[in-house]
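What follows is a set of notes on a single structure, which appears directly below.
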Amino acid sequence: MRYVIKNSTVLTENGFLKTDLFVDNGIVVSVGGGAFSDATVFDFNNCYILPGFADVHVHLREPGFSYKETIKTGTQACARGGYTDVCSMPNLNPVPDSIENIKIQLYLIEKDACIGVHPCGAITVGEKGEVLSDIEGLSDYAIAYSDDGRGVQDNDMMKEAMERVKKCGKLITAHCEVNELLNGGYIREGEYSKAHGHRGIVPESEWKMVERDIKLAEEIGCPYHVCHISTKESVELIRQAKARGVDVTCETAPHYLILTEDSLCEDARFKMNPPLGNKEDRIALIEGVVDGTIDMIATDHAPHSAEEKGRGLEKSLMGIVGIETAFSLMYTHFVKTGILSLEKLVEVMCVNPRKRFSLGKGVIKVGEKADFTVFDLDESYTINSDEFLSMGKSTPFEGKPVLGRCKMTVCNGEIVWREI
């Protein structure tokens, strides 16, 4: 297919350029200049063409939980959000803890995914924290290793995992949570939990394991990535580790940067793991993004059924969706307010995750595969979960106005999303 996108502002290697973008047979053949006969014309006047986003923390729920989400619906939702590559988490059935099990997932990805999906292998068998998985056997198939949803509690087991993962030239991406500090909690311990009789989770449950893992990673030299940080202590621990030269990166999510425990109400749309922190946590997380301590924005897109999210704060499952709204929320709350530049937002949503997880270049360049997304940054809309392509509908941003709507996404030369 030959097509040209006219009158848009393209983020090139040399900055933003108002021009036309030509694609032929899946390859960017010209950024400005030239003319092509028989080319389909898309006139996205005053829109922005950005490299396809990459999310290193997404739950696609298949195999095992296709009533929550499927590879097909999940990747369609990703494309609508501007994403062209995602890393899928391993809390599935079967858990991808062996070559045999991960190949089941890879078959579904090959069959149904409309964007790049890169599965994480499990650190331990069944994510039970008892026996290490086939780390070496998985290395040809897994983008990284994680027991997401659970922290690896045993210090010696995590140490051995890091040693083996390092030899494979891979990355540990860790869910940090000390089980003995959870105390049956399901939201952050704070004013809301105390006022409404809810069991709270102390912030130490996160940062104590971050602290342990950083020490192990520093000792062993294993590349280490921290999932969805939510506390000010985690930010500072990672900042100090980076200053010492530890090979550590981390992510946070839009909801931790925008919401706090003050946003809570008796609705499971606000229940996720880790839970929302306080104002000081939010400020520290924003500062971490600004100064580069926090490398990337992930969504932890975690769809559940309506019934699973309809039991209130205490009894509903943890997890919210966010892949279709992440860019709009970040653009509205941080670029339009002057906290981040648009280039910095692209860095944390595209460039940094791609570099750390080896997910391609993330550039729009002549001779490269077409891999980009088109956004109208001036278009406002109200978040309405009924419009989501994801099967999951639970978002804490329901009914919130935002700026920036995705008009088209192109992955590997193919148009995988286009707003009609």
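Laid out as a table, the results:
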{"quantity": "Cα→Cβ-extended label distance, 7 Å offset, between D291 and A306, nm", "calculated": "4.6"}
{"quantity": "Nearest 10 degrees, 0 to 90: helix 279-291 Cα axis against the chain principal axis", "calculated": "50"}
{"quantity": "For the chain, share of DSSP beta bridges that run antiparallel, in % to the nearest 5", "calculated": "55"}
{"quantity": "Positive dipole terminus of the chain, leading residue within A306, I115, N14 (C-beta point charges)", "calculated": "N14"}
{"quantity": "Cα long-axis angle, helix 71-80 against the chain (0 to 90 degrees, to the nearest 10)", "calculated": "60"}
{"quantity": "Fraction of accessible area attributable to carbon and sulfur, region 312-420 (%, probe 1.4 Å)", "calculated": "49"}
{"quantity": "Neighbour-limited loop hits for GluC sites (Glu not before Pro), region 245-310 (at most 14 other Cβ within 10 Å; DSSP other than H, G, I, E, B)", "calculated": "E266, E307"}
{"quantity": "Per DSSP, loop trypsin sites (Lys or Arg not before Pro) in region 284-379 with at most 16 further Cβ within 10 Å", "calculated": "R311, K336, K361, K365"}
{"quantity": "Between 0 and 90°, nearest 10: helix 155-167 axis offset from the chain longest Cα axis", "calculated": "30"}
{"quantity": "Distance in nm between pseudo-label sites at E204 and E110 (7 Å out along the Cβ direction from Cα)", "calculated": "5.0"}
{"quantity": "Average accessible area per residue (Å²) across the chain - probe 1.4 Å, nucleic acids and ligands excluded", "calculated": "39"}
{"quantity": "Size of electric dipole in region 176-303: Cβ of Lys, Arg +1 and of Asp, Glu -1, about Cα centre, debye, nearest 20", "calculated": "100"}
{"quantity": "Selection from C168, N183, V210, by position along the positive dipole direction of region 157-222 (Cβ)", "calculated": "C168"}
{"quantity": "Expected 222 nm ellipticity per residue - DSSP helices of 4 or more, -39500 (n - 2.57), all of the chain, to 500", "calculated": "-7500 deg cm²/dmol"}
{"quantity": "Charge dipole magnitude, Cβ of K and R +1, D and E -1 - the chain, Cα centre, debye nearest 20", "calculated": "580"}
{"quantity": "Above-threshold pairs, the threshold being 29 Å between Cα atoms, out of K159/K315; K208/K315; K111/K407", "calculated": "K159/K315"}
{"quantity": "Computed E for K365/E280 - FRET, C-beta separation, R0 56 angstrom, nearest 0.05", "calculated": "0.85"}
{"quantity": "Accessible area of region 38-113 belonging to carbon and sulfur atoms, whole % at 1.4 Å probe", "calculated": "46"}
{"quantity": "Förster radius 60 Å - calculated FRET efficiency between I420 and K215, Cβ distance, rounded to 0.05", "calculated": "0.70"}
{"quantity": "Inter-label distance for N183 and N14, nm, one decimal - labels placed 7 Å from Cα along Cα-to-Cβ", "calculated": "6.0"}
{"quantity": "Extension gain (nm, one decimal) between D156 and K336, 0.36 nm per residue minus Cα-Cα", "calculated": "60.2 nm"}
{"quantity": "Summed side-chain charge close to F44 - residues other than F44 whose Cβ falls under 9 Å, Lys, Arg +1, Asp, Glu -1", "calculated": "0"}
{"quantity": "Dipole of the chain, positive direction: furthest Cα of L92, P353, G137, with charges on the beta-carbon", "calculated": "P353"}
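The values are calculated or read from the model by the stated rules, or taken from the named source; none is laboratory data. These numbers were taken from a predicted model, which means no experiment stands behind them. Note that we place each Cβ from the backbone using ideal geometry, even for glycine, and neighbour counts take in every protein chain shown. These accessible areas exclude ligands, DNA and RNA; they are computed on the full protein's heavy atoms, side chains included. Shrake-Rupley method; radii C 1.70, N 1.55, O 1.52, S 1.80 Å.
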